[in-house]
Amino acid sequence: MTQKSYFTAIFPGSFDPITMGHLDIIRRASDLFPKLIVAVADPLHKKTMFDLDERIRLVRESVVGIPNVEVQGFTGLLVDFAQKVGARAIIRGLRAVSDFEYEFKMAWMNRRMYPQIETIFLIPSEEYAYLASSLVKEIAFLGKDVDGLVPPPVAEKIRETILGKYKDTRGPSLEVDG
Ligand code: ADP
């Protein structure tokens, strides 16, 4: 493994959509690693409000100006993607205790499949500790403003989407997905 790849970290997630909480973790990780790949997942069993291309585009627009950050989409197993890009670390964000059990299981399973990878948990600034994509979607669908909870391009896209696609339905999938 080269020196450079040793320091590559990936921050995987659904980012449906990216919130200020995600962005907080991205900023912290970009300070720690020479290269951070934000890996936007195409989840097999999760219905998303935004398709993969839209989620990637929104993450790209939101990370403009943050150094060392690259955005890529991926399908399949995270550890395969991590191996492909030569990452040594998986970054995950930890909010309240409720995240812990799921995150611990995933970290353990990823280590089992790819022992060279370490999972590193970062905590966001207090003001984002309870922020979740699912909450943002719920608030937006109920007609409330999401400015300040998500980066500006996302707030704009949400307004557009809610006014268009979901206006005659019960709304996007609001399953609890972070
Ligand atoms: P996934 O489907 O992989 O859980 P998410 O986009 O929901 O994807 O979350 C990606 C990562 O970002 C997870 O580690 C999650 O805990 C973290 N995360 C989400 N929201 C926040 C937040 N407000 N503060 C810190 N970390 C967060």
Query raised in the report: What number goes with the only condition from (1) closer than 17 Å to Val40 by Cβ; (2) surrounded by 19 or more Cβ atoms within 10 Å (Cβ to Cβ) that Gly76 does not pass?
Result: (2)
Query raised in the report: When you look at Met20, is it touching a residue at least 24 places away in the same chain (Cβ under 8 Å) and within 24 Å of Ile123 (Cα to Cα), yes or no?
Result: yes
Query raised in the report: How many residues does region 89-125 contain that are at pLDDT below 95, acidic (Asp, Glu) and more than 10 Å from the ligand (Cβ to nearest atom)?
Result: 1
Query raised in the report: Across region 137-153, what is the number of residues that are more than 22 Å from Ile91 (Cα to Cα), touching a residue at least 24 places away in the same chain (Cβ under 8 Å) and either aromatic (Phe, Trp, Tyr) or open to solvent by less than 60 Å² (accessible area, probe 1.4 Å) (or both)?
Result: 4
Report summary line: Subset of region 65-88, residues away from the ligand (no atom under 13 Å from the Cβ) and touching a residue at least 60 places away in the same chain (Cβ under 8 Å), comes to Ala82, Val85, Gly86, Ala87, Arg88
Report task. Name, by its number, the condition in (1) open to solvent by less than 40 Å² (accessible area, probe 1.4 Å); (2) more than 25 Å from Val150 (Cβ to Cβ) that does not hold for Glu103. Result -> (2)
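The rows are residues; the columns are (1) in a loop (DSSP other than H, G, I, E, B); (2) within 13 Å of the ligand (Cβ to nearest atom).
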residue: Pro17; (1), (2): yes, yes
residue: Arg28; (1), (2): no, yes
residue: Val40; (1), (2): no, yes
residue: Lys46; (1), (2): yes, yes
residue: Met49; (1), (2): yes, yes
residue: Arg60; (1), (2): no, no
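The values are calculated or read from the model by the stated rules, or taken from the named source; none is laboratory data. These figures come from a predicted structure and were not determined experimentally. Counting neighbours? That spans all protein chains shown, and the Cβs are built from the backbone with ideal geometry, glycine included. Side chains are part of the model used for accessible areas, which takes the heavy atoms of the whole protein and leaves out ligands, DNA and RNA. Shrake-Rupley method; radii C 1.70, N 1.55, O 1.52, S 1.80 Å.
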